[in-house]
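What follows is a single structure, written as structure tokens, with notes after it.
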Amino acid sequence: TLVTVLLGLMATPLWAQVPGGQQVGLARYLQSSYAGLKANLTAAAEQMPDADYGFKPTTMPEVRSYGQLFAHVAAGQFGMCARLSGRPDPTAGRNLEEELQTKASIVAALADSFVFCDGVVAGFSDDDATTFVRQGQGEVARSAAMVGLVGHNTEMYGISTVYLRAKNLVPPSTERQTQRRNEAALGPR
């Protein structure tokens with residue numbers, strides 16, 4: 001049920017990209033979702049000025065700063081892709097949210113986390129969906145772990161758009177959508 005709900009929440013962007021008559025399996029769907037999120041998260045991390053990386057949209061102490069949000073994404077990706085690949089987490093024992101203090105270091109860690117995950121995601125197949133990976137004290141289906149990775153990144157990108165809008169910046173996904181609409185309105189050339 002969780003997989004169905006999460007896939008339903010992410011379905012619209014992918015369906016718009018699927019050529020008519022093609023079937024899209026779980027692996028391809030998750031790979032496409034990951035690629036879109038990678039583009040959005042990378043662009044959003046770059047978009048916010050360095051001076052605003054400490055920005056929080058509230059005074060609540062438990063809310064992450066913009067920079068901490070992206071350090072959290074990087075840490076989450078390293079952890080999940082380590083479990084999915086069986087490789088050690090290169091950030092194990094570190095607290096990236098506290099350790100990384102500059103835009104440059106956070107953007108670099110985010111990029112490194114995508115490099116770490118890219119092969120894991122690209123290598124995922126529909127046949128892998130029902131195999132298990134260790135998570136905590138137990139094991140979960142590899143497909144559930146992949147959905148968790150995509151779901152977490154979707155949530156974090158959504159949160160980042162609030163920060164961007166609070167600084168009067170248009171989120172990358174909205175910029176692309178507006179550009180597509182404008183191009184469609186112009187019609188064929």
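The values are calculated or read from the model by the stated rules, or taken from the named source; none is laboratory data. It should be emphasised that the depicted structure is a prediction, and the values quoted were computed from it without experimental measurement. Ideal geometry is used to build each Cβ from the backbone, glycine not excepted, and the neighbour counts take in all protein chains shown. To get the accessible areas, we keep the full protein, side chains included, count just its heavy atoms, and leave off ligands, DNA and RNA. Shrake-Rupley method; radii C 1.70, N 1.55, O 1.52, S 1.80 Å.
Solvent-accessible surface of the chain, taken per residue with a 1.4 Å probe and all protein chains present: 55 Å². Could you point to the residue in Q77, A43, C117 farthest towards the positive end of the chain's charge dipole, with +1 and -1 charges on the Cβ of Lys/Arg and Asp/Glu respectively? Going by the charge dipole, the pick is A43.
For the chain, the membrane-span-like helices by this rule, meaning whole DSSP H stretches whose C-alpha atoms cover at least 24 Å of axis and whose Kyte-Doolittle mean is 1.0 or above, are 103-123; this says nothing about an actual membrane. Summing charges over neighbours of F55, with a neighbour being any other residue whose Cβ is under 14 Å away from its Cβ, gives +3 when K and R count +1 and D and E count -1.
Three principal axis extents of the range 80-171 based on alpha-carbon atoms, in descending order, are 44, 27, 24 Å.
Just the protein heavy atoms count here, and of the accessible area of the range 70-173 at 1.4 Å, carbon and sulfur take up 54 percent. The packing ranking, built from the mean of other Cβ atoms within 10 Å per residue, places the peptides 38-50, 122-134 in the order 38-50, 122-134, highest first.
Taking the range 50-79 and a reference point 7 angstrom along Cα→Cβ of K167, the backbone N atoms nearer than 12 Å belong to 50-57, 65-70. Fully extending the segment from Q47 to Q101, taken as 0.36 nm per residue of separation minus the present Cα-Cα distance, adds 17.8 nm. One chain, two ends: E183 and E155. Fully extended at 0.36 nm per residue, the span grows by 7.2 nm beyond their Cα-Cα distance.
Give the Debye-formula value of log10 I(q)/I(0) at each listed q (0.09, 0.19 Å⁻¹), with one equal scatterer per alpha carbon of the chain, two decimals each. After summing over all Cα pairs, the log10 values are -0.36, -1.35. With all projection directions averaged, the alpha carbon convex hull of the range 37-127 covers 6.7 nm². On the basis of the beta-carbon distance and an R0 of 35 Å, E62 and F132 show a calculated FRET efficiency of 0.60.
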